[in-house]
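Worksheet: the structure to be examined is printed underneath.
Derivation of every value follows stated rules applied to the coordinates shown; laboratory data play no part. Only a predicted model underlies this, so the values are computations on that prediction, with no experimental measurement involved. Positions of Cβ are generated from backbone atoms using ideal geometry, with glycine treated the same way; all protein chains shown enter the neighbour counts.
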Amino acid sequence: MGADFAIKFETKEESNQRRQDEALRRTPHERLMFFLEMMQEMQFFASSQEHPNRAKNNFIIE
């Protein structure tokens, strides 16, 4: 993940296009590493509470 901390003022469409362009410029190896780093960082946001849909037996991606 890049260390570009500049604030950007752009529309949602511009932001989506920029993010897509950035993703497509990555090599397959860089894409995998980006994904793995993102998954590792998401662990910090894990909730200790049970998902409300678990009691309903709905499909939940964790």
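Suppose only helical runs count, i.e. DSSP H with n ≥ 4. What mean residue ellipticity at 222 nm does that imply for the chain under -39500 (n - 2.57) per run, divided by all residues and rounded to the nearest 500 deg cm²/dmol?
-15000 deg cm²/dmol
With Cα Rg over 2.2 N^0.38 Å in mind, check [x] 1.65; [y] 1.55; [z] 2.89 and report the label derived from this structure.
Recomputing Cα Rg over 2.2 N^0.38 Å here gives the entry labelled [y].
In the chain, if the dipole is taken from +1 on Lys/Arg beta carbons and -1 on Asp/Glu beta carbons about the Cα centre, which of Leu24, Phe5, Asn57 is farthest to the positive end?
Of the options given, the answer is Asn57.
With everything on Cα atoms, drop me the angle between helix 12-25 and the longest principal axis of the chain, reported from 0 to 90° to the nearest 10.
80 degrees
Taking springs between alpha-carbon atoms closer than 10 angstrom, which of Gln49, Gln20, Gln40 fluctuates most in the Gaussian network model of the chain?
It is Gln49.
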